[in-house]
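The values are calculated or read from the model by the stated rules, or taken from the named source; none is laboratory data. None of these values were measured; they are calculated from a predicted model. Glycine also receives a Cβ, built like all others from the backbone with ideal geometry; neighbour counts cover every protein chain displayed.
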């Protein structure tokens, strides 16, 4: 937090920071004067003056732009020297999201967050927990011959998760699981045998990996979530379809984390209850 300072102290801080920024940028007084559009003597006075007077706003803004720092930082109003554009670029980015199981970027984010809790709201059913038959049905039509390689990569991801030091929490809509079991909507043409095997796999994994893996089912009529993954306190990744929106600033990561935690609190089916719920689904399928 920036403490309030008197005019003389703020002017002295401005001179120190202007000197620091020029040194870091390797810019001389003459070069800065040309960039700002003032005489060299004006820059010299900014650097060596001993009074309490600060330069006018336009000169401060021009100096900040030339030195690629924040005007607020030069004036002692911020502790961050980066410009607003640079701060935004660092905290928010757009990354391509290929429609494939081999997504090295997602795997890299998992590795970066090793040891932290990973929270995930999948776009559908979680790929890592799907059977080979389910993955072939879903991905082979557009992956073609590379489908088997991609499926092997998905199995590698699951094996990596088993041995990682991260806990996983997954929240997904209750209707996604029931629609899958009943072959409704997206799953309308999925063979019954594949659905039965997949339910059995979810049941088995939810028991084997608990409590390091906890899956919650929430009522989408009461709460809503876009697909998102939160990698501990490091970043939150929103899935758009063709792209990921990546947040790295702590304020937004914490906000998305609070959103996820609300899904868990609102869950109709808790992680402890999931095996029994899946067992009931399996019985309803016959």
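Checking each residue in the range 262-286 for being closer than 20 Å to residue 124 by Cβ and in a helix (DSSP H, G or I) picks out 263, 264, 274, 277, 278, 281, 282.
In the set 181, 193, only one residue is assigned by TED's automatic domain parsing to the domain that holds residue 121, buried (at least 18 other Cβ atoms within 10 Å of the Cβ), at pLDDT 95 or above and in a helix (DSSP H, G or I); that residue is 181.
When residue 48 is tested against (1) touching a helix residue (DSSP H, G or I) at 6+ places or on another chain (Cβ under 9 Å); (2) at pLDDT below 90; (3) closer than 30 Å to residue 251 by Cα, only condition (3) is not met.
Of all residues in the range 100-125, those being surrounded by fewer than 18 Cβ atoms within 10 Å (Cβ to Cβ) and at pLDDT 90 or above number 5.
State all residues of the range 274-286 that are out of contact with any helix residue (DSSP H, G or I) (no Cβ under 7 Å at 6 or more places or on another chain) and surrounded by 14 or more Cβ atoms within 10 Å (Cβ to Cβ); if no residue qualifies, say none. Listed by number, the list holds a single entry, 277. Candidates 57, 11: the one that is out of contact with any strand residue (DSSP E or B) (no Cβ under 7 Å at 6 or more places or on another chain), surrounded by fewer than 12 Cβ atoms within 10 Å (Cβ to Cβ), in the same structural domain as residue 76 (by TED's automatic domain parsing) and at pLDDT below 90 is 57. Only residues that are part of a helix (DSSP H, G or I), surrounded by 14 or more Cβ atoms within 10 Å (Cβ to Cβ) and more than 19 Å from the chain's Cα centre (by Cα): list them for the range 158-168, please. Answer for the range 158-168, where residues must be part of a helix (DSSP H, G or I), surrounded by 14 or more Cβ atoms within 10 Å (Cβ to Cβ) and more than 19 Å from the chain's Cα centre (by Cα): 158, 160.
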